[in-house]
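For reference, the structure discussed in these notes is given below.
Rule-based calculations on the coordinates, nothing more; no lab input. Everything numeric in this text was worked out from a predicted model, so none of it was measured. Ideal geometry is used to build each Cβ from the backbone, glycine not excepted, and the neighbour counts take in all protein chains shown.
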Amino acid sequence: MEIKTAEMETLLAEVKAGWGNVSVLPDEVTRLRESNTRMETELKDMRRLVASRAGGPLTVARRSGEVSVDCARALGSIFILHCANSGKLEALASHSAQRDGLLAVARETLGLTARAALTTSDVPLPSTYSGEIRELISEYGVVRRKMTHYPIGMGTAKPPGRAPALLLAAL
């Protein structure tokens, strides 16, 4: 009986010695709950941020004459799917594994899963990229390169240095 009493006293001494560690557990649990709540809030905010940027270009500045990476992916994917629909994908990639890879990436980029026949209206350019395309058109458009500024006054006038086509035909 004395051995059991000695064991009990030893166990009680160990419990008393470890009680300091146990007594701080409620505060520690409260701190962990607050930290977890804060982390959940930050995760939700990050998910919202990623979701808001998912369909459009990132807000980083792009160089003049270039489009964002997302816009380039979308345009390239549309081009690949157009080539596939018109039967010209073989001209783009000679090996079937390359063609399959291109099609897989294009479908993934545009969010297409079925291998249904696509028309031009099935895969429109996302409106978030329209500003980038307009900027490129204004910078590099054919009309901008070839156009000669010639103000039109009252009535009609002939452009300087050029004979009208009808006059040349008559001569």
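Worth pointing out:
- Residue order, fewest to most surrounding Cβ atoms within 10 angstrom, among ILE3, ILE80: ILE3, ILE80
- Separation of the THR113 and SER94 label points, Cα + 7 Å toward Cβ, nm: 3.7 nm
- For segment 84-92, putting each phi into the Karplus relation 6.51 cos²θ - 1.76 cosθ + 1.60 with θ = phi - 60° gives couplings of 5, 5, 8, x, 10, 5, 5, 6, 7 Hz, in residue order, rounded to whole numbers and with x for Gly and Pro.
- Other residues whose C-beta falls under 14 angstrom from the C-beta of CYS83 contribute a net charge of +1, scoring Lys and Arg +1 and Asp and Glu -1.
- Residues in segment 5-37 reached by a label modelled at MET46 [backbone nitrogen below 19 Å; 7 Å Cα→Cβ]: 32-37
- Taking the fewest neighbouring Cβ atoms within 10 Å as the starting point, the ordered list for HIS95, HIS82 is HIS95, HIS82.
- Which of THR113, THR37 has the fewest Cβ neighbours within 10 Å, and the rest in rising order: THR113, THR37
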